[in-house]
Amino acid sequence: MTTSDETLLSIEGLTVSYGPVEAVRGIDLTVKRGEIVTLLGANGAGKSSTLNALVGLAPRKARKMEFNGINLLDLPPETIVRRGMTLVPEGRRVFSSLTVNENLMLGGAKHAARGNLVAAKADMLDLFPILAERLHQKAGSLSGGEQQMLAIARALMSSPDLLLLDEPSLGLAPQIVDRIFDLIGNLRDRGLTILLVEQNVVQSLEIADRGYVLANGRVELLGSADDLRASPEIQDAYLGV
Amino acid sequence: MDIFLQQLLNALSLGGTYALLALGLAVVFSIIGLINFAHGELMTVTGYAICFALIWGLPFPLAVIGGLVVAVAAAVLMERVAFRPVRGASGTTLLLTSFAVSAILRVLFQNVISARPIPVSIPTSLSGVITIGPLHLGTIQLISIIVTLVMLLGLNLFLHRTMAGRAMRAASEDFAVLRLMGMRANSIVATAFAISGLLAGVAGILWVAQRGSVDPLMGALPVLKAFIAAIIGGLGSLSGAVAGGFLLGFIEVILQAYLPESLLPYRDAFAILLVIGVLLFRPQGLLARKTIIKL
């Protein structure tokens, strides 16, 4: 675990509106390099909208939205990804009619040099041996857990500094969920910074350094993972204590 | 049997042109959800480009290349000027925009060039007939079949062997997620239009070569047929568009050959009846697939 004081992502006053519906209402958020930060909250709290807004897939406004010193506000998703922040979307959304190999290659599309692309793929197949076995299978034929691994590997192909993960454990069997959380821990050990949206509060707070609890598009509670675990609100609402 | 084989060749030739046009519609629809009714005007513009290139004395092969370049450029320009500003809008807005582009281009052709057909001097070497045993095949028909097959094969290779091709296939599944791969939305859409322009250009050349003239409404009927073909195949499915194009060509040629003479004027009505029959059993088209259009 190597967190630093360097702020990688700094957001102030983020709002996300879909027509008249305000999904996110002015939240502030920071992520330091090397951290795992988790966004918790009930369905409709604004977690996924926040992640989508960060990568430019949702309509957003903010006083400040900086990643690695770059202003994100006017950038389209493809540029944001090329600058080092990417999202593994909710529901995996692998390209099901393309093979595992093709999904990975597209994930590494930003690498101009073929050598870098090949090296990134070799690295991913090393990290996810199951994908090496399934390399020429259609992504749609993989199990849910395998698809989630492919979605994560595909995102990692772009060698991001910050990985946004939206509900990676959703709809997966408990033993697969454990593997996904182990993997997230491994990724942090490799130096990756992660912003994690999860409904699985217990496991999220086990691996996270800090967390934010959202409700109705606002930050309700924030603090270190230990503080959040100990807070009465979290214990009442999520931990069943 | 000979007559059947002869009709099969005719069907391949006509269906191939429909397939190329339907594929052009499907490539764009599968990515941005736009049914481009101005696709026919891309055929027409190709026809005029060849016509004027020949009038200016360019040799036929150069005129063909010029026609294709103009078709691709016109398609990319069409996207940049008319469709990019409304990208992500509702299907109705996109459809109406394409009708507007089509109408504006037709009026321009009528007022700036001519409302009447202009003859295109196709080399006499292309007007011959090749006899293989009992079968008679026009040189242009043969070229049409070969060109269609080469285009389909080439497009297939492009879609499966190149990064841009994989991106196009991925874009037809989930455009938003493709942008998360760092692929530029504008380049993907422009590539789709360029391919669609190339396909319309090739179809336009084959159409002009068989008719020997070009007029402002030249593209209207074939693009309507291509639309029907794309619907039969399952809108948004590339292989479906090809299958639909060949099926429609086959239906038309068989009806032309076997309908009693008194019913021949109703050939298209019978063809549409058969299409309705297909859609009653497969409302989503022959080879439909799920398409997520999100920008």
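Go ahead and estimate [θ] at 222 nm for the protein assembly as shown from helices alone: -39,500 (n - 2.57) per DSSP H run with n ≥ 4, summed, over the residue count, rounded to 500. The partial results should precede the final answer.
Details: 20 runs with 284 residues, N = 536.
About -17000 deg cm²/dmol.
Among B:Leu157, B:Leu152, B:Leu21, the ranking by other beta carbons within 10 Å of each residue's beta carbon, starting with the fewest, stands as B:Leu157, B:Leu152, B:Leu21. The string of couplings for region A:215-220 from the Karplus curve (6.51, -1.76, 1.60, θ = phi - 60°) is 8, 6, x, 10, 7, 8 Hz, one whole number per residue in order, with x for Gly and Pro. Residues of region A:23-40 with an amide N closer than 19 Å to a point placed 7 Å from the Cα of A:Asp5 along the Cα-to-Cβ direction: A:30-36. If R0 is 25 Å, the Cβ-Cβ spacing of A:Asp182 and B:Met163 corresponds to a FRET efficiency of close to 0.20. Between A:Leu87 and A:Leu164, the built amide H atoms are under 5 Å apart, and every one of these is 5 or more places off in sequence or on another chain.
If one computes the Cα centroid of region A:164-182 and of region B:32-108, what distance in Å separates the two points? Cα centres, region A:164-182 to region B:32-108: 48 Å. Applying 1/(1 + (r/R0)^6) with r as the Cβ-Cβ distance of A:Asn43 and B:Ser90 and R0 = 35 angstrom yields a FRET efficiency of 0.80. Evaluated at 10 °C with a viscosity of 1.306 mPa s, what Stokes-Einstein diffusion coefficient in µm²/s does chain A have when Rh comes from the Kirkwood expression over alpha-carbon pairs? After rounding, the answer is 87 µm²/s.
Count the DSSP beta bridges whose two residues both fall in the protein assembly as shown, then state the antiparallel fraction as a percent rounded to the nearest 5. Spell out each step's value before the answer.
Details: 30 of 49 bridges.
In the protein assembly as shown, approximately 60 percent of DSSP beta bridges are antiparallel ones.
One Cα centroid belongs to region A:49-108, the other to region B:216-249; the line between them spans 35 Å.
With the simple spin-label model, which puts each label point 7 Å out from Cα in the Cβ direction, the A:Asn71 to A:Leu170 separation comes to 3.2 nm. Would any residue of region B:91-119 have its amide N under 16 Å from a label point 7 Å out along Cα→Cβ of B:Leu221? List them or say none. The answer is B:116-118, whose backbone nitrogens lie closer than 16 Å to the label point.
In the structure displayed, which of A:Lys32/A:Lys110; A:Lys32/A:Lys64; A:Lys32/A:Lys61; A:Lys47/A:Lys121 lie more than 26 Å apart, Cα to Cα? Display every interim value, and only then the final one.
On the way: A:Lys32/A:Lys110 24 Å; A:Lys32/A:Lys64 16 Å; A:Lys32/A:Lys61 22 Å; A:Lys47/A:Lys121 30 Å.
Distance filter (> 26 Å) returns A:Lys47/A:Lys121.
Binning the C-alpha pair distances of chain B at 5 Å intervals from 0 yields a P(r) profile of 1, 6, 11, 16, 18, 17, 14, 9, 5, 2, 1, 0 %, listed from the shortest bin outward.
If you take each beta carbon of peptide B:169-179 and count the beta carbons of other chains within 10 angstrom, what is the mean? Each step should come with its number before you reach the end.
Working: counts 5, 8, 2, 2, 8, 5, 0, 8, 13, 6, 9.
Per-residue shielding by partner chains comes out at 6.
Taken along the Cα-to-beta-carbon direction at a fixed 7 Å, the label points for A:Arg190 and B:Asn111 span 6.1 nm.
Seen from a random direction on average, the alpha-carbon convex hull of the protein assembly as shown projects onto 29.9 square nanometres.
Kirkwood Rh and Cα-based Rg: tell me the resulting Rg over Rh for region B:194-295, rounded to two decimals.
Numbers: Rg = 15.2 Å, Rh = 15.0 Å.
Taking Rg over the Kirkwood Rh, I get 1.02.
Karplus-based coupling profile of region A:16-28, in residue order and whole Hz: 10, 10, 10, x, x, 8, 9, 7, 10, 10, x, 9, 10, with θ = phi - 60° in 6.51 cos²θ - 1.76 cosθ + 1.60 and x standing for Gly or Pro.
Projecting label points 7 angstrom from Cα along Cα→Cβ for A:Lys64 and B:Ile130 puts them 7.2 nm apart. In this structure, the amide hydrogen of B:Asp174, modeled 1.01 Å from its nitrogen in the peptide plane, lies closer than 5 angstrom to no residue at least 5 positions away or on a different chain. Taking Lys and Arg as +1 and Asp and Glu as -1, the other residues whose beta-carbon sits under 15 Å from that of A:Thr7 total -4.
Since every read-out is calculated from the coordinates, none of them should be taken as a lab result. Remember, predicted model here, so these are calculated numbers, not experimental data. Here the Cβ is made from the backbone with ideal geometry for all residues, glycine too, and neighbour counts use every protein chain on show.
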